[in-house]
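The values are calculated or read from the model by the stated rules, or taken from the named source; none is laboratory data. Every value quoted in this text rests on a predicted model; they were computed, and no experiment measured them. No Cβ is skipped: glycine too gets one built from the backbone with ideal geometry, and neighbour counts run over all protein chains shown. Just so you know, the surface numbers come from the protein's heavy atoms only, side chains and all, with ligands and any DNA or RNA stripped out. Shrake-Rupley method; radii C 1.70, N 1.55, O 1.52, S 1.80 Å.
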Amino acid sequence: MSKYQLDYLEQLEAESIHIFREVAAQFERPALLFSGGKDSITLVHLAKKAFAPGKIPFPLVHIDTGHNFPEALNYRDQLAKELNADLIVRQVGDTIKQRNLTEPKGKFASRNWLQTYTLLDTIEEFGFDACIGGARRDEEKARAKERIFSVRDEFGQWDPKLQRPELWNVFNGRIHKGENVRVFPISNWTELDIWNYIRKEKIGLPSIYFSHDREVLLHEGQYVATSPFIQIDDTDVVLTKRVRYRTVGDMTCTAAIESNASTLDEVIHEITAARISERGETRIDDRVTEAAMEDRKKNGYF
Amino acid sequence: MDLLRFITAGSVDDGKSTLIGRLLYDSKNIMVDQLEVLEKQTKNKQAGSIDLALLTDGLRAEREQGITIDVAYRYFSTPKRKFIIADAPGHVQYTRNMITGASNASLIIILIDARQGVAEQTRRHSIIASLLNIPQVVVAINKMDLVEYSQDTYNNIVIDYAKVASQLGLQHVTYIPISALNGDNIVDASETMPWYEGQTLLNYLETVQVETNANLDDARMQVQFVIRPQTEALHDYRGYAGKVLSGVYKKGDSVKILPAGIESTIASLEVNGVAVEEAFAPQPVVIQLADDIDISRGDTIVKLGNEPKVENELEVLLCWLGDKPLQAGNKYYLQHNSRLIRTVVKEVSYKLDVNTLSQQPVTEGVKLNEVVKATIKTASPLVFDAYKTLPATGSAILIDETSNSTVAAVLIQ
Ligand SMILES: Nc1nc2c(ncn2[C@@H]2O[C@H](COP(=O)(O)OP(=O)(O)O)[C@@H](O)[C@H]2O)c(=O)[nH]1
């Protein structure tokens, strides 16, 4: 390679930083939707680089379902402090009360779907015109056609037919009042790219990404952490297993995988060898219907 | 390890989805659970086989119609390269999608059905490849199993396509006979076509030289965002953040700010928060200048003595992407990287027939999927190069002022 060439991670990084700067310049009130997972942690890291030595010119927004892993919440607060970033947290629990919504019921009652309400309320509260998210196109088939700048109507809805063609590296962020744009700077990264980047950049992660002992119950072949948020029946077998998480979502809808990988190298080694894709392995709710993601996106989910 | 972006083009049913599925499958980039879903969805197939085309078939509406209607992106990697595939559909009317997918590609795979040979669509896709200057063309002659793996059939198609290629001035064309369905010459060499001595498709994709960033001479950088921390420690810091679009910048370089024409010197360069001696395309850079001058988003910083054009009337090719037709006299926003300028389309001189390259008179408005030559006038001078010499500064989009949609791809002549 000539000295004027970038390797693939540097190219992806360059593209993402370019996108971040476009967002900051084109929108009046952007926000970065921070979930505490490795993808949004990578986003924050890229944002830091994009605006250095200045601070990140938009707030980090966390829509907290109340079902998060404590490790992820601690990490979030620590990160915001380190970066001197503005952090806005809004609780799904509050939305449920204010809007008199029905708490989902069932064994793994997930507030995942209700996040949309809190998100849309938060967008309105602060007048956000662009929400930056960590979705990747490789995650799932419905995502593969998502634009990097994805226009949503005032109900947060996504219409596959209304998406603008994106050419070269020119991003058209013009919108009408009431509309907003979801921006996905790491669209072109795969799960493995994220892990390799985290390793290369020595980005710290919440401890649940590495193997640890945890009390879990076995449900349809998946390990779900015991927590006050799930219903444990007498017939359930509760075990202590050595596990790690591959994605970090709610405690109710993220499954752990058995693993001894306690360092990044070991995790990456396992992932490279893994034969199950990220979503299939760790998202309990996606198994419900095959078009689950598509429905959720149409309804304003990130 | 580097990165290769390519696009696949072909008529409907030439086997594009099957080919992509095959590339992902044979290079072991498909996961077990995805395969399970596929197996469930596969209908009317003999036991044990799966329909690889389903892998790349995204939205539900499309699944119902059984066609792909937009550009989708796929990712796979081998130990040698990471690949990003823009999957553009083959329908006649979807020139728009192909242009979109091709705009970032450094290689195009054009699929030909061995039974049909070079078709009207093949010409169309090749013309678009040449308009957009895609450096490498792979002609994948598919469904060889249906022509008894015949070398003569293959040779005749190669001879036919070579004529198209020379007409269009396509420089780097590679031919590979394949069967996407059976996997011949995709990842593994074909046992049924011993007469073919070239590389398999994957092998070719892994090793082809794509001259990205080859242009080290013409330094171009456009300001995206001005960084002003205004903290005590960085009180007077004023950094111009943007991507190096082309070439190399060094600390101490004498530069000119366009369109204003002011001169200064590069006082410091930072990439990703780290001070560097030089920065090159496509790095995201922050430039500080020695002089206190007023620069804002959309301004271009170039090196003295190597300057792009600065004009407000330009000749362009417009690939029309909008549903509303273009009429001469219409006003739009032109977005040229980060610069947004009001623009009027003064004159549409001719329409390019994308099947024959012939120039046709424009009688009514310019419609979706049409390519025209036009003269546009911008409200203030644009800083640009010709698309053929520097795509990064020779390309732009037109935005409808009222709907905000992206209505045209602009290739500056
Ligand atoms: N015999 C044969 N059939 C093929 C081959 N490649 C694709 N097909 C079939 O051609 C049809 C269209 O393929 P598909 O991949 O959906 O085409 P697309 O419209 O270009 O995406 C399907 O029935 C495929 O199974 C091949 O190499 N040989």
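Computed from Cα atoms, the angle from the helix B:120-131 axis to the main principal axis of chain B rounds to 20 degrees.
Is the shape of the stretch B:309-412 rounded, prolate or oblate, going by the alpha carbon gyration tensor and its root eigenvalues a ≥ b ≥ c, with a/c under 1.5 for rounded and a/b larger than b/c for prolate? The shape class here is oblate. Per-residue extension of 0.36 nm, minus the Cα-Cα distance of A:D265 and A:F155, leaves a gain of 35.3 nm for this segment. Between A:E15, A:E82, A:E124, the GNM of chain A built on Cα springs shorter than 10 angstrom shows A:E82 fluctuating the most. Comparing Cα centroids, the stretch B:373-390 and the stretch A:125-201 end up 29 angstrom apart. When the Gaussian network model of chain A links Cα atoms closer than 10 Å, the mean-square fluctuations of A:R76, A:R244, A:R21 top out at A:R21. Using a Gaussian network model of chain A in which every pair of alpha carbons under 10 angstrom is joined by a spring, one finds that among A:G93, A:G221, A:G173 the greatest mean-square fluctuation is at A:G221.
Dimensions of chain B along the principal axes, based on C-alpha atoms and rounded to the nearest Å, stand at 72, 53, 40, largest first. Helix B:32-41 axis versus longest C-alpha principal axis of chain B: approximately 60°, rounded to the nearest ten. With an a/c value of 1.5 or above and a/b not larger than b/c for the gyration tensor axes a ≥ b ≥ c computed over the alpha-carbon atoms, the protein assembly as shown is described as oblate. In chain A, the DSSP-assigned H stretches of four residues or longer account for a calculated mean residue ellipticity at 222 nm of -10000 deg cm²/dmol, using -39500 (n - 2.57) per stretch and the full residue count as denominator. Per-residue ellipticity at 222 nm computed for chain B from its helices equals -5500 deg cm²/dmol, with DSSP H segments shorter than 4 residues left out and the rest contributing -39,500 (n - 2.57). Per-residue extension of 0.36 nm, minus the Cα-Cα distance of B:L146 and B:K80, leaves a gain of 20.5 nm for this segment. DSSP beta bridges fully contained in chain B are about 75 percent antiparallel. Projecting the Cα atoms of A:I56, A:V89, A:F69 onto the dipole axis of the stretch A:49-93, where Lys and Arg carry +1 and Asp and Glu carry -1 at the beta carbon, places A:I56 farthest toward the positive end. The charge dipole of the stretch B:309-412, taken about the Cα centre with unit charges on the Cβ atoms of Lys, Arg (+1) and Asp, Glu (-1), comes to about 160 debye, rounded to the nearest 20. Taking a ≥ b ≥ c as the square roots of the eigenvalues of the Cα gyration tensor, chain A is oblate, since a/c reaches 1.5 or more and a/b is not larger than b/c. Computed from the C-beta positions of A:A109 and B:S403 and an R0 of 41 Å, the FRET efficiency is 0.45 to the nearest 0.05. Of the solvent-accessible surface of the stretch A:1-69, computed with a 1.4 Å probe over protein heavy atoms with every protein chain present, carbon and sulfur atoms account for 45 percent.
For the protein assembly as shown, the Cβ-based charge dipole about the Cα centre amounts to some 920 debye (Lys, Arg positive; Asp, Glu negative; other atoms uncharged). Estimated from the Cβ-Cβ distance and a Förster radius of 22 angstrom, the FRET efficiency linking B:N312 and B:I262 is about 0.75. Summing +1 for each Lys or Arg and -1 for each Asp or Glu among the other residues whose beta-carbon sits under 10 angstrom from that of B:V285 gives -1. Other residues whose C-beta falls under 14 angstrom from the C-beta of A:G204 contribute a net charge of +3, scoring Lys and Arg +1 and Asp and Glu -1. For the stretch B:309-412, lysine pairs with C-alpha atoms less than 20 angstrom apart, excluding pairs fewer than eight positions apart on the same chain, total 21. Every Cα-Cα pair in the stretch B:258-337 was counted, and those over 21 Å apart are 49% of them.
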